[in-house]
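A.B. asks: This is the structure I want to talk about, given as structure tokens.
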Amino acid sequence: MLYKSVVLLLLCAAHHQGALSISPGKDGVLFAFQQNLHEFHKTPMKFESNGSIPKWLSGTLVRNAPARYQVGDRSVIDIFDGFAKLHSIDITQQYVNFSASFIKSGIYNRSIEANTISPMVTFLGVDPPFSLYERLQALAKTLDNNDINVWKFGSGDSTTYAAMTDGWVFPEFNIDTLDTIGVIEPDPLEGQSGVGAGPPTIYLSCAHPVVEAATGHSISYVIKPSYLPYQSSVLSVIRIKDLGHFEKVGSFEIEKNSYMHSFALTENYAIFFLQPLYFDFIKLMTTVEMQYAMEWVSGDKMKIYAVNLKNGSVSTLSTDPRFYTHHVNAYETSEGHVIADVITFPDPTPFLTALSLDKLRNLDNLRKMDSFARLTRYYLNLTAETVKVEPFAAKTATDDFMNKLDLPIINEKYRSKKYCIFFGTVTSFATSSPFNGSIPIVKKNVCVPGGDASWSRPNHFAGEPNFVADPNGTHEDDGVILSSVLDADRGLNYLLILDAHTFKEINTAYMPTWIPFGFHGQFFPRSFQ
């Protein structure tokens, strides 16, 4: 069969890449952690069944993933440090095309030219390690290997599609070709009064801006860090009209540089959970490895700041610490309180230690990796400055397993509003899981106990779901789910299209290759391209 020939060709190519020796089948899950150097441009895909896709489903799904872990004789150690690669699926009624291209960032280009991984700040270092001189070089270079997410800024002639990470730097790409256009490093506070104005600086930010319903602009934040002990840093809330025009909504001082991957947005507030996972920039400058420059201080409270989007005023609350990466959604109640749903973990150990490639490529170890995530609801009384915390739990193992989902996606029409439904995956490879180590897509109903649903196939591993709303829909879940799924039996990924309401398959279409394990992506409707 054709797919067998494709797999054999890819396996031969992988062998010449000096990569793992993997065969499709029960060990095929390791394709998720196998680098893939192949690039594609509008390669046709074919739907597997006669199920018709909705006429309104027209646009491009773009996924971002680290896909190269070695250049020459040097390798990265942690999956976060793989070189970013964009994968797109262009969907119309007439065709489905697949493209894939590495982001030609500064660090990528320097590495390819030198035939080694050039000096850069990493999460967990490289093998063989950087010399002292190379570590000094790394500190002088912009870290532009954005391998986490993608986003659309602006509109019309000012539209920019950019790759995202937890820093304030934006590799721009062409939505049609995936070609890298350049790297943008705007100063979000340039020319503005107050703390933060002045010469260009390094800003911390997040990989998940949020669209503000009232304006259509993106809301994000930047932290101008302090590099000296006992000196406060400043967090500024930024309204992004496009990558050349910004408004500072408000700002406040923070004692320590807290790691945040996302934040929450309600109609009137931007809400930040500053967990006690802190950056130590002195350690970063000596190691150039982020893991060793991050410290979890379990004795500290998690401080919660609510910034009023209209007047910039700030309310401050605190609660016991939990580690988190992703907010689901938040909204204000009729009493003026805020409900925020967050995916939390007991501590950051899985984030800091579990994603090294040697652990992920050890099949015995991988098959024991369970999800420690927990959907958790926070009730914030901004007037009394009190917090109530309620983790979601269920009595049966299967039902409770679906409270351990992550990579949450909602119907964006319900952003900052009372909602009931969101979608995610439970990233557990453990054979002891209710899904026998396969990664399912979960539909979570936070309003109706027992109203959850799931989709899975044996030895298939679903990526983050993307929800595309039916423009004529009347229910929160009227639309489709798009996901890139690794079929470990074939060693190939495929596009899955689910009916988000019934959770039944509409159709699938195989890609000509596999996609290494990644994190986030976005669907860009045709009308916005």
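The values are calculated or read from the model by the stated rules, or taken from the named source; none is laboratory data. If you're wondering where the values come from, they're calculated on a predicted model, not measured in any experiment. Here Cβ is always computed from backbone atoms with ideal geometry, including for glycine, and neighbour counts include all displayed protein chains. Protein only, heavy atoms only, side chains kept; ligands, DNA and RNA dropped before computing areas. Shrake-Rupley method; radii C 1.70, N 1.55, O 1.52, S 1.80 Å.
A.B. asks: Of the conditions (1) closer than 23 Å to D81 by Cβ; (2) modelled with pLDDT under 95; (3) out of contact with any strand residue (DSSP E or B) (no Cβ under 9 Å at 6 or more places or on another chain); (4) not polar (S, T, N, Q), D358 fails just one. Which one is it?
C.D. replies: Answer for D358: the failing condition is (2).
A.B. asks: If I ask for residues that are over 17 Å from F351 (Cβ atoms) and not in a strand (DSSP E or B), which ones from the range 416-432 would you list?
C.D. replies: Within the range 416-432, S416, K417, K418, Y419, C420, A430, T431, S432 qualify.
A.B. asks: Further, regarding this structure: Any chance the range 456-465 includes a residue that's crowded, with 18+ Cβ neighbours inside 10 Å and at pLDDT below 95?
C.D. replies: No, that holds for no residue.
A.B. asks: Then there's this: Regarding S456, is this residue hydroxyl-bearing (S, T, Y), closer than 19 Å to G424 by Cβ and in contact with a Pro (Cβ under 7 Å, 6 or more places away or on another chain)?
C.D. replies: So S456 passes the test.
A.B. asks: Name the strands (runs of 3 or more DSSP E) wholly within the range 239-321 that hold at least 3 residues that are closer than 26 Å to V169 by Cα and open to solvent by 60 Å² or more (accessible area, probe 1.4 Å)?
C.D. replies: By residue number, 245-254.
A.B. asks: Could I ask something else about it? Can you find a residue in the range 99-110 that is open to solvent by 10 Å² or more (accessible area, probe 1.4 Å), among the basic types (K, R) and under 22 Å from P512 (Cβ atoms)?
C.D. replies: yes
A.B. asks: Just give me the residues in the range 495-520 being touching a residue at least 24 places away in the same chain (Cβ under 8 Å) and hydroxyl-bearing (S, T, Y), in sequence order.
C.D. replies: T508, Y510, T513 - these are the residues of the range 495-520 that are touching a residue at least 24 places away in the same chain (Cβ under 8 Å) and hydroxyl-bearing (S, T, Y).
A.B. asks: Can I ask one more? Has the range 503-510 got at least one residue that is touching a Gly at 6+ places or on another chain (Cβ under 7 Å) and assigned to a loop (DSSP other than H, G, I, E, B)?
C.D. replies: no
A.B. asks: I'd like the residue in the range 1-43 that is touching a Leu at 6+ places or on another chain (Cβ under 7 Å) and open to solvent by 50 Å² or more (accessible area, probe 1.4 Å) and, out of all such residues, is modelled with the lowest pLDDT.
C.D. replies: Y3
A.B. asks: Related question: Would you pick out the residues in the range 376-388 that are in contact with a strand residue (DSSP E or B) (Cβ under 6 Å, 6 or more places away or on another chain), not charged (D, E, K, R) and not in a loop (DSSP other than H, G, I, E, B)?
C.D. replies: T376, Y378, Y379, L380, V387
A.B. asks: Based on this model, can you work out whether T177 counts as hydroxyl-bearing (S, T, Y), within 30 Å of K104 (Cα to Cα) and open to solvent by 20 Å² or more (accessible area, probe 1.4 Å)?
C.D. replies: yes
A.B. asks: Among the residues of the range 470-491 satisfying the criterion of being in contact (Cβ under 8 Å) with a residue 40 or more places away in the chain and surrounded by fewer than 19 Cβ atoms within 10 Å (Cβ to Cβ), which is nearest to A430 (Cα to Cα)?
C.D. replies: D489
A.B. asks: Still on this model: I need a count of the residues in the range 126-171 that are of a type in the set (D, E, K, R) and touching a His at 6+ places or on another chain (Cβ under 7 Å).
C.D. replies: Qualifying residue count, the range 126-171: 1.
A.B. asks: Here's something else I'd like to know. In the range 348-367, is there at least one residue being touching a Gly at 6+ places or on another chain (Cβ under 8 Å), buried (at least 16 other Cβ atoms within 10 Å of the Cβ) and part of a strand (DSSP E or B)?
C.D. replies: There is no residue in the range 348-367 that is touching a Gly at 6+ places or on another chain (Cβ under 8 Å), buried (at least 16 other Cβ atoms within 10 Å of the Cβ) and part of a strand (DSSP E or B).
A.B. asks: Against the condition closer than 16 Å to P440 by Cα and under 22 Å from the mean Cα position of the chain (by Cα), how does D499 come out, does it pass?
C.D. replies: No; evaluated as a whole, the condition is false for this residue.
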